[in-house]
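Derivation of every value follows stated rules applied to the coordinates shown; laboratory data play no part. A quick note: this is a predicted structure, and the numbers were derived from the prediction, not measured. Please note: Cβ atoms are built from the backbone with ideal geometry, for glycine as well, and neighbour counts cover all protein chains shown.
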Amino acid sequence: MKSYYILLFFSLFITVSNAQEKFITKKGSASFFSHSPLEDITADNDQVLSIVDSSTGDIAISMLMKSFAFEKLLMQEHFNENYVESDKFPKAIFKGKIENFSDLDNSKQEVTVKGILTIHGVSKNIETKAQLHKQENNITLDGDFPVAVADFDIKIPGIVRNNIAKIVKVTFALDHEPYK
Amino acid sequence: MKRFITTIAILAITLQVSGQDLLDILESEAPDTKTFTTATFKGTRILNGHSVENSKKGGLIFLISHRFGRINQGVDELFGLDQSNIRFAFEYGVTEDLMLGLGRSSFDKTYDGFVKYKLLKQSSGKKSFPVTMSLFSSIAYRTLEDFDPANEPSFNEKLSYVSQLLIARKFNSAFSFQITPTFVHRNFTEIESDPHDIFALGFGGRAKLSNRISVNAEYYYTANPLESIEAKNSLAFGVDIETGGHVFQIILSNSITMIEKSFITETTGDFFGGDIHFGFNISRTFQLGKRKIKK
């Protein structure tokens with residue numbers, strides 16, 4: 001009976017130690033690039049939040065749409081007002097898993113990341129390859145993947161159809177540190 | 001039984017801790033940032049008068065405005081379209097908060113220059129602020145030579161000044177409202193009883209119908225109107241249509257002019273008596289300076 005309680009007591013510690021295996025960044029970067037015959041558009045967000053649970057390989061990423069910086073300020077306003085509707089849908093969120101995370105060694109290697117990406121209130125399953133470097137006190141994850149604007153119910157009016165690509169390239173660089 | 005309940009209780013706590021969602025952690029770790037409200041209005045004008053919006057830093061706006069004659073002039077004047085007033089203007093965003101503008105109106109052949117500065121910005125989050133406040137100041141120089149050559153007004157007498165405090169709030173993404181205390185000073189008046197200093201209060205708002213279309217209304221109440229003319233308060237209704245770098249505004253107003261000293265104090269049309277001028281503003285923004293994006 002006594003040993004039973006001791007066991008239960010220790011099970012609490014197991015979960016606490018799990019929390020120590022999380023890695024987080026608040027200054028990750030994400031950018032997107034739209035290439036079209038008339039113009040190339042880039043926007044950068046360097047306030048991306050990302051967290052990795054190294055015991056499971058689970059990953060969650062969150063960013064404010066209003067934190068994307070454009071070269072043209074009017075374009076940034078239109079992005080938030082007319083395209084991604086940041087007042088209604090302030091964040092882009094990814095929730096997924098880095099596959100076979102526990103099998104990885106400490107070298108930089110290619111991994112598959114699978115999960116659900118939510119932009120503009122629309123969720124889509126995505127799968128992409130990324131470069132992962134797992135170290136004692138640091139996990140970096142870099143990569144890029146294509147996003148079809150129409151998949152997320154973001155409408156491009158006819159008049160600017162030639163200025164905005166139907167598929168934009170999203171690039172990310174996340175440098176996680178131990179979460180305390 | 002007691003042991004069973006304890007087990008369930010402990011397991012529930014354990015599961016809750018280990019199952020703490022990663023997104024919840026991100027939520028709790030997210031910095032509490034101050035976010036400035038953007039796009040209270042689509043353009044630098046509500047309709048006739050200025051809104052709290054400025055040209056973005058490095059953005060040059062070319063603004064073409066037209067007001068036609070009165071609709072109730074009938075088919076002979078093609079409902080006012082035969083008579084056209086135009087104003088061209090360049091407006092430039094020197095900084096994020098400071099905008100300068102130069103314009104020329106065909107009505108009274110008037111040149112105008114203005115400064116608009118954002119004093120306070122509406123924001124949400126940390127240390128939020130409920131409204132945006134801008135200061136607006138303009139000078140208009142009338143060059144129409146309708147005077148008796150022997151009695152030419154001096155340079156100073158052809159000048160008028162306007163100062164406004166623009167106070168606006170974007171209540172939500174669809175609705176914005178602005179109150180505009182206004183002071184107009186005219187160096188020259190037609191008759192003795194005309195006031196040199198005129199006080200007015202403007203009210204303007206917009207309601208968005210879609211992301212790119214809104215309906216706007218604007219009204220200026222004048223406390224001490226000019227005596228030499230049958231001055232009326234200025235009223236305008238309109239629609240904003242925004243496409244990329246353009247904003248089109250289609251306007252119905254009892255004012256025929258497009259600068260503050262004029263439409264606030266010199267409007268004579270009776271809107272509900274049919275003295276309505278059809279008009280439009282077209283703005284095109286050219287980005288002169290690009291912001292550097294860190295690589």
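Remarks
- Electrostatic bookkeeping for A:Asn80 treats Lys and Arg as +1 and Asp and Glu as -1; over the other residues with beta carbon under 12 Å from its beta carbon, the sum is -2.
- Across segment B:266-280, coupling constants 3J(HN,Hα) worked out from phi with the 6.51/-1.76/1.60 Karplus curve, θ = phi - 60°, read 10, 6, 10, x, 9, 4, 7, x, x, 7, 10, 9, 7, x, 8 Hz, and Gly and Pro carry x.
- The mean number of Cβ atoms from other chains found within 10 Å of a Cβ in peptide B:55-62 is 2, as a whole number.
- Selection of trypsin sites (Lys or Arg not before Pro), segment B:80-183, meeting DSSP coil and at most 12 other Cβ within 10 Å: B:Lys126, B:Lys127
- Relative contact order of chain B, pairs being alpha-carbon contacts under 8 Å that are 6 or more residues apart, as %: 18 percent
- With at most 10 other Cβ atoms within 10 Å, longest stretch of chain B clear of loop GluC sites (Glu not before Pro) (DSSP): B:1-144
- Candidates B:Ser137, B:Ser253, B:Ser154: whichever shows maximal mean-square fluctuation once chain B is modelled as a Gaussian network with Cα springs under 10 Å: B:Ser154
- Sites A:Asp40 and B:Thr33, calculated FRET efficiency, Cβ-Cβ separation with R0 45 Å, nearest 0.05: 0.95
- Between A:Lys129 and A:Asn162, the modelled labels are 3.6 nm apart [label points 7 Å from Cα along Cα→Cβ].
- Contact order relative to length of segment A:59-127, as percent, for alpha carbon pairs under 8 angstrom and 6 or more apart: 31 percent
- Relative contact order, percent, chain A [alpha-carbon distance under 8 Å, six or more residues apart]: 25 percent
- Residues with amide H under 5 Å from that of B:Thr267, placed H, sequence gap 5 or more: B:Lys232
- Choice from B:Thr132, B:Thr257, B:Thr37 showing the highest fluctuation, given a GNM over chain B with Cα pairs closer than 10 Å: B:Thr37
- Angle between chain A longest axis and helix A:2-19 axis [Cα atoms, degrees, rounded to 10]: 30 degrees
- Those residues of segment A:27-69 whose amide nitrogen sits under 16 Å from the label point placed on A:Lys108, 7 Å along Cα→Cβ: none
- Integer Hz, Karplus 6.51/-1.76/1.60 couplings in order for segment B:189-196, x for Gly and Pro: 10, 5, 10, 4, 7, 5, x, 7
- Fraction of alpha-carbon pairs over 31 Å apart in segment B:35-287 - percent: 21 percent
- For segment B:157-167, 3J(HN,Hα) computed residue by residue from phi via the Karplus equation (6.51, -1.76, 1.60; θ = phi - 60°) reads 5, 8, 9, 9, 10, 9, 10, 9, 10, 9, 10 Hz, glycine and proline entered as x.
- Here, the protein assembly as shown has an Rg and a Dmax of 29.9, 116 Å when only alpha carbons are counted.
- Sparse-neighbour loop sites [trypsin sites (Lys or Arg not before Pro); segment A:94-168; at most 15 other C-beta within 10 Å; DSSP]: A:Lys155, A:Arg161, A:Lys166
- Residue among B:Phe248, B:Phe271, B:Phe147 with the largest mean-square fluctuation in a Gaussian network model of chain B, springs linking Cα atoms under 10 Å: B:Phe147
- Anisotropy class of segment B:62-180 from Cα gyration tensor, a/c 1.5 cut: oblate
- Length available on full extension from B:Asn224 to B:His196: 0.36 nm per residue minus the Cα-Cα distance, which gives 9.1 nm.
- Annotation for segment A:19-122: GluC sites (Glu not before Pro) lying in DSSP loop with at most 15 further Cβ atoms inside 10 Å of their Cβ are A:Glu21, A:Glu39, A:Glu99.
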